[in-house]
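Asker: Can you keep this structure in mind? I'll have questions shortly.
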Amino acid sequence: MNVLLIGSGGREHALAWALSKSPQLERLYVSPGNPGTAKLGENVVIDVADHAAVIAFCRLNRIGFVIVGPEAPLVAGLVNDLAAAGILCFGPSREAARLEGSKAFTKALCDEARVPTAAYARFTEAEPAKAYVRTQGAPIVVKADGLAAGKGVVVAASVAEAEAAVDMMFSGGLGAAGAEVVIEECLIGEEASFFVLCDGDTALPLASAQDHKRVGDGDTGPNTGGMGAYSPAPVMTAEVERRTMEEIVLPSVRAMKARGTPFRGVLFAGLMITAAGPKLIEYNVRFGDPECEVLMPRLATDLLDLLIASAEGRLNEKTVAWRPEAALTVVFAAENYPGKPVTGTEIRNVAAAEAKPDVLVFHAGTKTDPTGRLLAAGGRVLAVTALGATVREAQTRAYDALAAIDWPGGFHRTDIGRLAVEREEGRG
Ligand code: AMP
Ligand code: GLY
């Protein structure tokens with residue numbers, strides 16, 4: 001089967017790496033892809049916002065299956081239009097993608113399905129929102145309703161900070177995403193990401209991971225798309241996972257089906273594991289990045305076969321196996337990220353890192369110049385990933401591999417996996 005994978009990040013390189021192991025795969029096209037995916041398939045330039053162009057490419061190249069990596073094309077209804085053209089596609093419809101595209105939608109679904117989540121209120125004007133903040137007190141969380149590229153959530157430590165966030169959102173600071181604002185109770189606990197493959201009816205749990213969102217060591221500095229991750233997350237014990245499926249995922253999947261908008265694709269539950277059990281922070285409707293970079297190396301089942309089963313409604317026939325090792329990835333980012341990154345700097349010796357045992361280097365924001373040099377071309381540039389018998393071993397291998405890469409223009413956190421290692425070693 002010929003496959004078209006849409007996206008350009010470390011997530012898509014990891015997906016391409018896993019797909020390339022499938023005996024069912026004939027040709028793999030990635031749009032737009034990156035220098036990492038170019039080694040596994042053919043990078044092609046298609047305007048993904050132009051759904052007719054995607055359909056035309058699929059027809060011309062006999063694409064049997066399209067896999068959408070990022071959220072924006074899902075929210076824009078690419079899957080709807082491909083399905084209408086008779087092209088099989090992995091990912092949710094526009095209607096089901098609202099689980100990520102609208103925080104207010106997800107909160108309403110949680111109410112309907114009695115899913116444990118933070119108490120909240122919705123606002124379309126600043127004054128009542130600020131009055132609510134004052135009655136609730138701090139800490140409190142202010143969220144723009146729509147997609148805001150990771151900038152739409154403010155965990156405010158004070159009432160003044162929350163009021164400023166409300167003003168910023170309603171004065172257009174995040175564009176249309178901030179036309180409606182959700183204000184939530186601040187949940188206390190440890191965060192985990194949990195991934196579940198869905199086909200509208202069946203929900204097949206994949207695995208857990210933990211991300212590191214802040215740019216600096218010790219979880220300091222501004223939020224990023226994620227500076228590193230590891231899988232599995234020790235906080236997701238079998239009992240927490242069982243409760244997450246029963247109390248959060250399955251009621252949500254049933255409610256989406258009952259609404260006539262069944263959820264197909266990968267449901268990424270952002271969880272807070274509180275003293276009272278798991279609570280939903282948010283849903284995403286795609287694999288996480290960099291979480292995908294630690295899930296794929298651990299996956300011991302044919303990814304393409306699983307994704308096709310999700311699209312075809314046959315997940316009830318499937319099981320998933322995982323390698324017993326832990327995986328850990330360290331994001332190597334360009335200077336000044338998450339501000340405007342310094343791009344164009346040369347990266348050398350990636351091959352030396354990749355040559356180390358149990359190491360994979362996924363490209364996220366790179367490009368090659370005409371002379372074949374590898375250059376930084378984004379904020380998050382490489383995801384240096386390793387497997388190990390323990391998180392500690394995976395961490396040691398990932399940092400050893402990273403040290404082999406010669407890139408003066410890059411920086412990284414030095415404490416990815418710290419909590420899990422402390423737990424493993426009885427210090428957590
Ligand atoms: P999001 O962009 O929705 O992933 O949110 C970014 C981060 O904000 C999450 O990963 C959490 O760390 C934090 N956050 C969001 N909502 C809450 C909440 N209700 N309580 C505590 N932290 C939250
Ligand atoms: N790493 C978090 C995300 O992909 O949204």
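Asker: Here is a check on your reading of the model: is residue 142 open to solvent by 20 Å² or more (accessible area, probe 1.4 Å) and touching a strand residue (DSSP E or B) at 6+ places or on another chain (Cβ under 7 Å)?
Answerer: no
Asker: Looking at (1) farther than 22 Å from residue 199 by Cβ; (2) open to solvent by less than 30 Å² (accessible area, probe 1.4 Å), which is the one condition that is false for residue 73?
Answerer: Evaluating residue 73 over (1) farther than 22 Å from residue 199 by Cβ; (2) open to solvent by less than 30 Å² (accessible area, probe 1.4 Å) leaves (1) as the failure.
Asker: Filter region 228-243 for residues that are within 16 Å of ligand 1 (Cβ to nearest atom) and under 25 Å from residue 200 (Cβ atoms) and give the result.
Answerer: Going through region 228-243, the residues within 16 Å of ligand 1 (Cβ to nearest atom) turn out to be 228-230, 233, 235-236.
Once the filter is applied, which keeps residues that are within 16 Å of ligand 1 (Cβ to nearest atom) and under 25 Å from residue 200 (Cβ atoms), region 228-243 yields only 236.
Asker: Could you check region 388-424 and list, in sequence order, the residues that are in contact with a helix residue (DSSP H, G or I) (Cβ under 8 Å, 6 or more places away or on another chain), open to solvent by 10 Å² or more (accessible area, probe 1.4 Å) and not in a helix (DSSP H, G or I)?
Answerer: Selection gives 390, 405, 412, 414.
Asker: Shifting gears a bit: Given the criteria out of contact with any Pro (no Cβ under 9 Å at 6 or more places or on another chain), more than 25 Å from residue 368 (Cβ to Cβ), open to solvent by 50 Å² or more (accessible area, probe 1.4 Å) and hydrophobic (A, V, I, L, M, F, W, C), does residue 40 qualify?
Answerer: Numbers: out of contact with any Pro (no Cβ under 9 Å at 6 or more places or on another chain): yes; more than 25 Å from residue 368 (Cβ to Cβ): no; open to solvent by 50 Å² or more (accessible area, probe 1.4 Å): yes; hydrophobic (A, V, I, L, M, F, W, C): yes.
No, not satisfied.
Asker: Looking only at region 170-187, count every residue that is crowded, with 19+ Cβ neighbours inside 10 Å and under 24 Å from the mean Cα position of the chain (by Cα) and tell me the total. Give the steps one after another, and end with the answer.
Answerer: The first filter runs over region 170-187 and keeps only residues crowded, with 19+ Cβ neighbours inside 10 Å, leaving 170, 174, 177-178, 180-184, 187.
So of that shortlist, the ones also under 24 Å from the mean Cα position of the chain (by Cα) come out as 174, 177-178, 180-184, 187.
Of the residues in region 170-187, 9 are crowded, with 19+ Cβ neighbours inside 10 Å and under 24 Å from the mean Cα position of the chain (by Cα).
Asker: Residues that are under 21 Å from the mean Cα position of the chain (by Cα), farther than 19 Å from residue 8 by Cβ, in contact (Cβ under 8 Å) with a residue 60 or more places away in the chain and open to solvent by less than 70 Å² (accessible area, probe 1.4 Å): does region 346-353 have at least one?
Answerer: No; the residues of region 346-353 include none that is under 21 Å from the mean Cα position of the chain (by Cα), farther than 19 Å from residue 8 by Cβ, in contact (Cβ under 8 Å) with a residue 60 or more places away in the chain and open to solvent by less than 70 Å² (accessible area, probe 1.4 Å).
Asker: Can I ask one more? When you go through 79, 45, 54, 66 one by one, which is the residue that is part of a loop (DSSP other than H, G, I, E, B) and out of contact with any Asp or Glu (no Cβ under 6 Å at 6 or more places or on another chain)?
Answerer: 45
Asker: Looking at region 260-291, which of its residues are away from ligand 2 (no atom under 16 Å from the Cβ) and crowded, with 20+ Cβ neighbours inside 10 Å? Explain how you work it out, then say what you get.
Answerer: Here is the first cut: in region 260-291, the ones away from ligand 2 (no atom under 16 Å from the Cβ) are 260-264, 273-279.
Of everything in region 260-291, those that are away from ligand 2 (no atom under 16 Å from the Cβ) and crowded, with 20+ Cβ neighbours inside 10 Å turn out to be 263, 264, 273, 278, 279.
Results for (1) within 30 Å of residue 296 (Cα to Cα); (2) out of contact with any strand residue (DSSP E or B) (no Cβ under 6 Å at 6 or more places or on another chain), shown as yes or no for each residue.
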{"residue": "127", "(1), (2)": "no, yes"}
{"residue": "130", "(1), (2)": "no, yes"}
{"residue": "134", "(1), (2)": "no, yes"}
{"residue": "151", "(1), (2)": "yes, yes"}
{"residue": "195", "(1), (2)": "yes, no"}
{"residue": "199", "(1), (2)": "yes, no"}
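Asker: Can you tell me which residue within region 205-220, out of those that are within 14 Å of ligand 2 (Cβ to nearest atom) and more than 20 Å from residue 153 (Cα to Cα), is surrounded by the fewest Cβ atoms within 10 Å (Cβ to Cβ)?
Answerer: Here the answer is 208.
Asker: Now a separate question. Any residue at all in region 16-37 that is among the β-branched types (Val, Ile, Thr) and in a strand (DSSP E or B)?
Answerer: Yes, there is a match, as at least one residue in region 16-37 is among the β-branched types (Val, Ile, Thr) and in a strand (DSSP E or B).
Asker: Against the definition (at pLDDT 95 or above and outside any strand (DSSP E or B)), how does residue 218 come out, yes or no? Spell out how you get there, then give the answer.
Answerer: Details: at pLDDT 95 or above: yes; outside any strand (DSSP E or B): yes.
Considered against the rule, which asks whether it is at pLDDT 95 or above and outside any strand (DSSP E or B), residue 218 comes out as yes.
Asker: If you don't mind, there's one more thing I want to ask. Could you check region 221-231 and list, in sequence order, the residues that are crowded, with 23+ Cβ neighbours inside 10 Å and part of a loop (DSSP other than H, G, I, E, B)? Outline the logic, then answer.
Answerer: Here is the first cut: in region 221-231, the ones crowded, with 23+ Cβ neighbours inside 10 Å are 226-231.
226, 227, listed by residue number.
Asker: Please find, among 113, 84, 108, the residue that is more than 19 Å from residue 155 (Cα to Cα) and either open to solvent by 40 Å² or more (accessible area, probe 1.4 Å) or of a type in the set (Asp, Glu) (or both).
Answerer: 84
Asker: When only residues in region 188-204 that are surrounded by fewer than 21 Cβ atoms within 10 Å (Cβ to Cβ) and within 15 Å of ligand 1 (Cβ to nearest atom) count, which is nearest to residue 151 (Cα to Cα)? Show your work before the answer.
Answerer: Initially, region 188-204 is screened for residues surrounded by fewer than 21 Cβ atoms within 10 Å (Cβ to Cβ), giving 188-191, 200-204.
Now narrow it down to the ones that are within 15 Å of ligand 1 (Cβ to nearest atom): 188-191.
On the way: 188: 21, 189: 22, 190: 21, 191: 18 Å.
Once the filter is applied, the top-ranked residue is 191.
Asker: Looking at this structure, is residue 96 away from ligand 2 (no atom under 16 Å from the Cβ), under 28 Å from residue 294 (Cα atoms) and surrounded by 17 or more Cβ atoms within 10 Å (Cβ to Cβ)? Give the steps one after another, and end with the answer.
Answerer: Working: away from ligand 2 (no atom under 16 Å from the Cβ): yes; under 28 Å from residue 294 (Cα atoms): yes; surrounded by 17 or more Cβ atoms within 10 Å (Cβ to Cβ): yes.
In short, yes.
The values are calculated or read from the model by the stated rules, or taken from the named source; none is laboratory data. These numbers come from a predicted model, not from an experiment. FYI the Cβ positions are ideal-geometry reconstructions off the backbone, even for glycines, and counts take in every protein chain you see. Areas reflect the complete protein model, heavy atoms only, side chains present, ligands, DNA and RNA absent. Shrake-Rupley method; radii C 1.70, N 1.55, O 1.52, S 1.80 Å.
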